[in-house]
Every structure is written in structure tokens, then in C-alpha cells.
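The values are calculated or read from the model by the stated rules, or taken from the named source; none is laboratory data. None of these values were measured; they are calculated from a predicted model. Quick reminder, even Gly has a Cβ in these numbers, built from the backbone with ideal geometry, and neighbours come from all protein chains shown. Each accessible area value is taken on the protein alone, full model and side chains, heavy atoms only, with ligands, DNA and RNA left out. Shrake-Rupley method; radii C 1.70, N 1.55, O 1.52, S 1.80 Å.
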Amino acid sequence: MRIGIIGLGLIGGSLGLDLRRLGHEVWGVSRQTQTCDLALERGVADRVSLDLASLAEAEIVMLCTPLDALESTVRDLVPYLSPETLLTDVGSVKGAVVETIEPLWANFLGGHPMAGTSDQGIGAALPSLFAGAPYVLTPTPRTPVGAVERLHCLVESLGAQPIVCSPADHDRAVAWISHLPVMISSTLIGSCADEPTDRVRDLAQSLASSGFRDTSRVGGGNPELGTLMARYNRQALLDCARAYRDRLDGLISLIDSENWAAITAQLESTREARPQYLK
Ligand code: NAP
């Protein structure tokens, strides 16, 4: 198949590497000549361009730009496409993206590969990044028949595990397991940094080890990505953050009232629940 990729960064570049390996012809589009040169050098695409018109004959186009560039990219792209071209995106939020793109291009199906690293740009692209990872597809009643089947097959060929759900369910679920953890982790780092006694803060920094490394990892990631998650998944994130705050308040009350049995019961139930999220 002829597959266009717009935005040759971590996700777009990694898709290009795998899709070429699978025998597809990959046409990349980027904003910068330097990215285009690197894409060719790294084998991410068969041909590259700065011009969206170069994708006129693509059968599938995958939008891999940051979330806030998707709408303008689609508006600039659609005059060149034929109605058969299937458009998809890889954005980590689906409700707002699907709502914006669907009216601009009928042959659209939202997607989100649940894989990544903390690095960015074409240099971060990795082969087999999606192998074994869930890849969410979010059709709506307006999604054309056949689009889900086509992308389902493509996703499976990458070694990823396709999961089909509604945009709203996706956004609520990723708010719990991805977007809220970023905010909580960032809040933890910020609270530690607020320690008023310099001596204690310095000591905490010297003592921090694997536990702090695990709990602070996602809060120490790319600030632009974190802000885009909050901006585009605002309502689901707010709902989950409030539910989390209620739980934290409950825990504070238990500690305050020295209800050690209730705390043990809570820790036992969370120890039991955790493996269900890390199958
Ligand atoms: P990235 O490494 O920064 O790559 C994005 C690429 O898009 C850049 O290399 C850039 O290339 C291009 N770009 C940046 N701003 C643009 C703009 N305003 N207009 C057009 N192109 C622009 O980011 P990424 O991590 O691959 O993320 C891309 C998408 O994947 C996002 O929508 C994100 O939500 C989603 N996603 C990310 C992850 C993750 O873990 N990182 C996981 C799943 C999904 P040029 O500067 O050369 O144009």
C-alpha cells in the first residue's frame, strides 16, 4: 500500500520504519528539510516532501503531528486527497480530535498506539515500537464501513493489539492510566521541591532511589505533551483528578484518625488490583 505519514517524529518515524519493513511504500511529509533528510537517512520513508500535495495518491494517510497541529494539517491536506483515502491519526486524545476531523474528512478513523518513549523527534524513532502494545481504534456511527477492518489489519501487521472502543471511553480510560498519573507524578515532584527546609530537601534528594524513580518518571517528562493531554482531555482529566483528590482526602482522614486497619485493607485491595492493569 502507499501510506503517507505527516509528522516524522517518534511515532511517525517509528511507524515508517515498520511499515517499510512490511513492504509498504511510505511517503513522509515534514515541515523541515533537515527532518526530511534524516527520514531518508534512517529509512523511515521511501520519499519525503515538505508539501502535503505529495500525498495526493496515498491510500492511507497517518497524521502524526502534535495534537494542536492536527486540525490545521487536515484543513491544508484535504483539498489534495481523493475520497477513497483513509485518514487516521495517532493522537493520545480521541474525543476532541475525532469531533474536529470527522466533519473535515468523512473517511476518517481515530487511532492511538499505546507505545512511546520519553524522547522526541525523528532521532527517537525505533523499529518494532508497537509490537505487543495496544493500539486503540475509535470509530463513531459516522465512520465508513470498511475503515475499521482496514486499519485493524494494518495494526495487527505491526504486531500491535487492536482495541476498538468509543472516543469517550478511550479518553476516560487514558485519563486514569496515562494523563492523571502524569499530573500526580508532577505534583509529587513539585511538593518535594516545596519542602521549606533546605537541609531536608537536600537530604531527600540524596536519599531518593528506585521508589522515587518509579513514581516521578512520568511527571518528569515532556512538558508540552503533558499540557496538550490536559488541554485536549480536559473534562475526563478533571473528573478523574477530583475522584483521586477525594480518595487522597479519605486516606489523610484515615491516617489522621490512626485507623491503621482501614489503611491496611486499602493497601491490600490496591495490591490485588494493580496486576490487572499490568497484564
Ligand atoms: P514528536 O516526536 O515531537 O513528533 C512530532 C513531529 O511532528 C515532529 O517531529 C515535527 O516534525 C512535526 N510537527 C511538530 N509540530 C508540528 C506542527 N505544528 N505542524 C506540523 N508538524 C509538526 O512527537 P510524537 O511523540 O511522535 O507525538 C506525535 C503524536 O503522537 C501526538 O499527537 C501524540 O499525542 C501521539 N502519541 C505520542 C506518544 C508518545 O509517547 N510520545 C504515544 C502515542 C501517541 P517537523 O518539525 O520536522 O515538522
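Say R0 is 22 Å: what FRET efficiency, to the nearest 0.05, do Ser157 and Glu84 get from their beta-carbon distance?
Given R0 = 22 Å and the Cβ-Cβ separation, E is 0.65.
Would you kindly calculate the mean projected area, averaged across all directions, of the convex hull enclosing the Cα atoms of the range 130-249, in square nanometres?
Quarter of the Cα hull surface area: 10.0 nm².
How tilted is helix 260-273 with respect to the longest principal axis of the chain? Cα atoms for both, answer in degrees (0 to 90, nearest 10).
With both axes taken from Cα atoms, the answer is about 20 degrees.
Report in % the part of the accessible area of the range 83-214 that belongs to carbon and sulfur, leaving out ligands and nucleic acids; probe 1.4 Å.
With neighbouring chains kept in place, the figure for the range 83-214 is 57 percent.
Would you mind working out the magnitude of the charge dipole of the chain relative to its Cα centre, with +1 at each Lys and Arg C-beta and -1 at each Asp and Glu C-beta, to the nearest 20 Debye?
My answer is approximately 240 debye.
Suppose the Debye formula is applied to equal point scatterers at every Cα of the range 27-76; what is log10 I(q)/I(0) at q = 0.17 Å⁻¹?
-0.51
How large, in Å, is the range 1-128 by the Kirkwood hydrodynamic radius built from its alpha-carbon pairs?
This gives a value of 14.3 Å.
Note down the nm distance, to one decimal, between modelled labels 7 Å out along Cα→Cβ at Arg245 and at Lys279.
Using points 7 Å along Cα→Cβ, the separation is 3.3 nm.
Order these peptides, 88-101, 60-73, 191-204, by their mean beta-carbon neighbour count within 10 angstrom, highest first.
Packing proxy ranking, top to bottom: 88-101, 60-73, 191-204.
On average, how much accessible surface per residue is there in the range 46-199, in Å², for a 1.4 Å probe, leaving out ligands, DNA and RNA?
Using a 1.4 Å probe on heavy atoms only, each residue of the range 46-199 averages 46 Å².
So if I place +1 on the C-beta of Lys and Arg and -1 on the C-beta of Asp and Glu, and nothing else carries charge, what would the dipole magnitude of the range 123-258 be about its Cα centre? I want it in debye, nearest 20.
Using Cβ point charges on Lys, Arg, Asp and Glu, the range 123-258 gives about 420 debye.
Please work out the Kirkwood hydrodynamic radius for the range 173-243, using every pair of different C-alpha atoms, and report it in angstroms with one decimal place.
So the Kirkwood estimate lands at 13.1 Å.
How large is log10 I(q)/I(0) at q = 0.08 Å⁻¹ when the Debye formula is applied to the Cα atoms of the chain, each weighted equally and without solvent?
Ignoring solvent entirely, the Cα scatterers give -0.40.
Accessible area, 1.4 Å probe, largest first: how do His152, His179 sort?
The ordering from most to least exposed comes out as His152, His179.
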